[in-house]
Structures are given as C-alpha cells and as structure tokens.
Amino acid sequence: MTETTSRADIVVIGAGHAGGEVASRIRQGGFAGSIALIGEEPYLPYHRPPLSKAFLAGQTSVEQLLIRSKGSYEKANIGWYPSTVVECIDREAHRLRLASGIWFEYGKLVLATGGRPRRLALPGSDLKGLHYMRGIADVDALRLEFVPGKRLIIVGGGYIGLEVASVAINAGLDVEVVEVASRVLARVTGPELSAFYETTHKAAGVKFRLSTVVDGFEPSAIQSDRVGAVRCADSSIIPADLVLIAVGLIPNVELAQAAGLAIGNGIKVDELGRTLDPDIYAVGDCTEFPLPYKNRERLRLESVPNAIEQARAVASLINGVPTPYDLIPWFWSDQYNLKLQSVGLHHGHDQVVIRQPTRAEGFIAFYLKEGRVIAADCVNAILEFNVAKRLVTDNIHIDASLLANPETNLKMLASQVHQDG
C-alpha cells in the first residue's frame, strides 16, 4: 500500500464558493490547526455567477473572478491543492485516496463537491461544438465560438440558458432556445415572470421553441465530427453551428455515497452541515438539508448565498460556537439591462400580486400562500427587494391590495405589519 504523504486537521474537498468560504471561516474563527483545500480545477475559489454573464462577454478576467487572492490563503496558512482529484474516502482510517495514488489523512472532513452539468445521452452527443457550462474552461471554449452570424442553439430555458442567450445575441449570434416545458424559467418562477422574460428576449431577437423535446444531434455536412443541427422529437431539424446544453445540475454525491453516507437529493446533512459521520460535514450544491423557512422541509438549493451560509454554519460548529443555518433563499440573474432578484421559493403559492416599481422596465411579483408572502421576484427593483426579503422572513398576513398599489410605501408597510403581528 502506498504510504501516506499528507495530512491536515481539516480537509475540504471542493474549491468552489462553499469550500473556499468554509476553509477561510474556520481559520477566521480562531482554529489553529492545519487546513487543506483540495480542488479539481487549477483555479483558486472563484465567483461562478459571472461565468454566464460578464466573463462570457469578455468583460471580466479570471483574476477578477477570484473570491480571495492567493496571498490571503497563504496568510491564513490554508494549504491549497489545485488540479487534485479525490478517488475515495476511507472513513475508518480517516483518510482519502487521491488520483495520484497517495493517501491524505484528515481529522475532520468537509465535502463541498458541488455539482456538474446534467448531460444528454442522445445520438450525436459526442459531436464537437456541443458545450456545457460549469467552470472557467467551459466558458473559454464556448467564447472561442462566439462569432457574429453563427447559429447558436441553447437547449434549456433556465437561468443559465437565458443569460447566455442575452450575451450571445448582443455578440451578434443567431440564437434559438429549445425548452421542454411550456414556458421559460418554469422550474424557478411563475408564469408572469416567464412571459416577461420571453417577451424581452424575443424583442432582442432570440427565437424560442417551447414544449419541444430534443431527440439528438446531427453532424455537419461539411465536418462529420461536428454538430450541424439539433433534431427534435417532433421530427423538426434546427440548423446549428454550436449548441449549449443547459438542462440542470447533478449533485456530486458519489464520494459520499461510496463512503456509506446518507444520500437523498444530495448528501444528507442537518442545519449545522453534519452528516451521519461525526467527523464529516457537507456544504453547498451537493447537500440536502432542512430549510427552516419551509418548516424544515428537506431540499437541495443551487445558490451562492446558500453555499456561503452553510459554510459559515459548519465553520461555527468546528470553532465551538454552533450557529445553525437560518437563511431565506435568494437568487439573482442579469440579462440585458434587467436585474432579477428573487427571494423565497414560490412553489405552493395560491396568489400572485403584481406591483410596478417606481422605475421603468421592471416590476415585482409577490407570491402569497394563505395571505402570507412566501416569495418575490423583483425586476429592476433593488430597493424593493430588501423589503421583499423582510416580508418573506416575517411570514405575516398582509393585504394584497396594498402590495399591488405602487403608491404604498413598502418599507412602511413591512414595519407596520411587523408591529401589528
């Protein structure tokens, strides 16, 4: 057996938002032992949301994406292991086997393994010109093909697909979105917001095929190993020079599963990020956890704020001052000149209240259940978003007509219902 060559008191697998945050927070909390941060990419932890926006558009550099500088990790004495793959976890021996063949011992282990793009196993899915988006390398490859006039087909009308569509249409590409659902953003928002964004994209020149299933990919007549068209289940053929597939994320749970940890729709953890193994924690997109604002319903969230909050909960526990996760989920998306900020989860709502903000080109959709605001989508309504977060957090009955009236001062309304409650 290969001898152990490395060891750390805390080992973090995954150098994304959650991994970088938990390593830094553990040190900031006064932990004096050794910390190792292991990542598969050659990059330090970086901001992923700009990948499909400013970074794809060439407006942001890799250096600007970094969450913290290399020097900050060195100053905190956090060991960084880039381009390193962990193959298995030996829970009994408290060690990891790396792809290089060496073993890495740990005292406590944090799994921040994130997720990977869901791939389509369809005829022609191995053709060149098919792209997925998760990391810097993916965007670099896609950007190389952003040539004005090229036909880009985007499979998937979620946040990633629409963000890329807005960048691509501005870059002069011919863009068409193919979505299996009857509307865009169907998984994350209500019909009103879907209709607004579809109209916005159409006005910019983006075409849509909704309620359409992709059946495969056809090779180009000029280059047989490269995609030339997308084939749909209704037998229609859409010419394509390149394709982006953005149909969701699969949580990376394989390491945890092979190690015998509990798996649901992610690695099962509690409100402090603990798995069933007292020496192993998990944070971020790879986890399923109880969401306090949803009466502890167990969910998996793909959200940067969620990843950061879970990381802080684990760090607080390791540092001896447990602070359970207690975040109202929130998300954002930038498309064209529109900033969407969403708070809460709209599923289960029984009423939608639309409110026009004081500025042009935007609105707010409040989602209510039994008279309580459970979620809100704010388009170009940054100030109102902060109040919307409070309304969702307070979970108090509110008059829908007051929400809808743009003359109502939302901040005062939030304060009033809080006092009355």
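Could you list all residues from the stretch 145-164 that are out of contact with any Leu (no Cβ under 7 Å at 6 or more places or on another chain), in a loop (DSSP other than H, G, I, E, B) and open to solvent by less than 10 Å² (accessible area, probe 1.4 Å)?
Within the stretch 145-164, GLY156 is the sole residue that qualifies.
Keeping to the stretch 259-315, report how many residues are among the aliphatic types (A, V, I, L, M), surrounded by 23 or more Cβ atoms within 10 Å (Cβ to Cβ) and under 25 Å from PRO117 (Cβ atoms).
Matching residues across the stretch 259-315 total 6.
Name every residue in the stretch 384-400 that is open to solvent by less than 70 Å² (accessible area, probe 1.4 Å) and free of Cβ contacts under 8 Å to residues at least 40 places away in the same chain, in order of residue number. I'd like the intermediate steps shown before the answer.
First, pick out the residues of the stretch 384-400 that are open to solvent by less than 70 Å² (accessible area, probe 1.4 Å): 384-385, 387-389, 391-392, 394, 396, 398, 400.
Scanning the stretch 384-400 gives GLU384, VAL387, LEU391, ASP394, ILE396, ILE398.
If we scan the stretch 44-51, do we find a residue that is assigned to a helix (DSSP H, G or I) and in contact (Cβ under 8 Å) with a residue 40 or more places away in the chain?
Of the stretch 44-51, the ones assigned to a helix (DSSP H, G or I) are 49-51.
Then drop every residue that is not in contact (Cβ under 8 Å) with a residue 40 or more places away in the chain, which leaves 49, 51.
Yes, the conditions are met somewhere in the stretch 44-51.
Would you call ILE267 in contact with a helix residue (DSSP H, G or I) (Cβ under 6 Å, 6 or more places away or on another chain) and part of a strand (DSSP E or B)? Walk me through how you get there before you give the answer.
On the way: in contact with a helix residue (DSSP H, G or I) (Cβ under 6 Å, 6 or more places away or on another chain): yes; part of a strand (DSSP E or B): yes.
Yes: the conditions hold for ILE267.
Quick check on my filter: what residues within the stretch 70-84 are more than 14 Å from ILE10 (Cβ to Cβ) and open to solvent by 70 Å² or more (accessible area, probe 1.4 Å)?
Of the residues in the stretch 70-84, the ones more than 14 Å from ILE10 (Cβ to Cβ) are 70-72, 74-75, 82-84.
Passing the criteria: LYS70, GLU74, LYS75, SER83.
Considering each of GLN59, GLN28 in turn, give the residue that is exposed (fewer than 15 other Cβ atoms within 10 Å of the Cβ), closer than 26 Å to LEU301 by Cβ and not β-branched (Val, Ile, Thr).
Values: GLN59 fails: closer than 26 Å to LEU301 by Cβ.
When all the criteria are applied, what remains is GLN28.
Matching residues to (1) touching a residue at least 24 places away in the same chain (Cβ under 8 Å); (2) within 26 Å of the chain's Cα centre (by Cα):
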residue: GLN64; (1), (2): no, yes
residue: SER72; (1), (2): yes, yes
residue: ALA76; (1), (2): yes, no
residue: HIS94; (1), (2): yes, no
residue: GLY115; (1), (2): yes, yes
residue: ARG119; (1), (2): yes, yes
residue: LEU122; (1), (2): yes, yes
residue: GLY149; (1), (2): yes, no
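Would you mind stating whether ASP225 is over 24 Å from the mean Cα position of the chain (by Cα) and among the charged types (D, E, K, R)? Lay out the reasoning, then the answer.
Numbers: over 24 Å from the mean Cα position of the chain (by Cα): yes; among the charged types (D, E, K, R): yes.
Taking the combined requirement at face value, the residue satisfies it.
Restricting to the stretch 165-198, count the residues that are assigned to a helix (DSSP H, G or I), open to solvent by 60 Å² or more (accessible area, probe 1.4 Å) and more than 24 Å from HIS347 (Cβ to Cβ).
Residues that pass the stated criteria total 1.
From the residues in the stretch 131-144 that are surrounded by 17 or more Cβ atoms within 10 Å (Cβ to Cβ) and not in a helix (DSSP H, G or I), which one is nearest to the chain's Cα centre (by Cα)?
Start the filter on the stretch 131-144 by keeping residues that are surrounded by 17 or more Cβ atoms within 10 Å (Cβ to Cβ), which leaves 131-135, 138-139, 142.
Narrowing the set further to residues that are not in a helix (DSSP H, G or I) leaves 131-135.
Details: HIS131: 18, TYR132: 14, MET133: 11, ARG134: 9, GLY135: 12 Å.
Step by step, filter the stretch 131-144, then rank; the result is ARG134.
Look through ARG68, ARG27 and report the one residue that is in contact (Cβ under 8 Å) with a residue 12 or more places away in the chain, part of a helix (DSSP H, G or I) and basic (Lys, Arg). Even if it seems obvious, please write down each step before you answer.
On the way: ARG68 fails: part of a helix (DSSP H, G or I).
The match here is ARG27.
Tell me which of these ASN319 doesn't satisfy, since it passes every other one: (1) crowded, with 21+ Cβ neighbours inside 10 Å; (2) at pLDDT 90 or above.
(1)
Which of the residues that make up the stretch 236-252 are more than 28 Å from the chain's Cα centre (by Cα) and either modelled with pLDDT under 95 or open to solvent by less than 40 Å² (accessible area, probe 1.4 Å) (or both)? Give the steps one after another, and end with the answer.
So the first thing to find is which residues in the stretch 236-252 are more than 28 Å from the chain's Cα centre (by Cα), and the list is 236-239.
Correct list: SER236, ILE238.
The values are calculated or read from the model by the stated rules, or taken from the named source; none is laboratory data. Predicted model, so just to flag it, every value in this text is computed and none were measured. Positions of Cβ are backbone-derived with ideal geometry, glycine not excepted, and every protein chain shown enters the neighbour counts. Heads up: the accessible areas ignore ligands, DNA and RNA and are worked out on the full protein's heavy atoms, side chains in. Shrake-Rupley method; radii C 1.70, N 1.55, O 1.52, S 1.80 Å.
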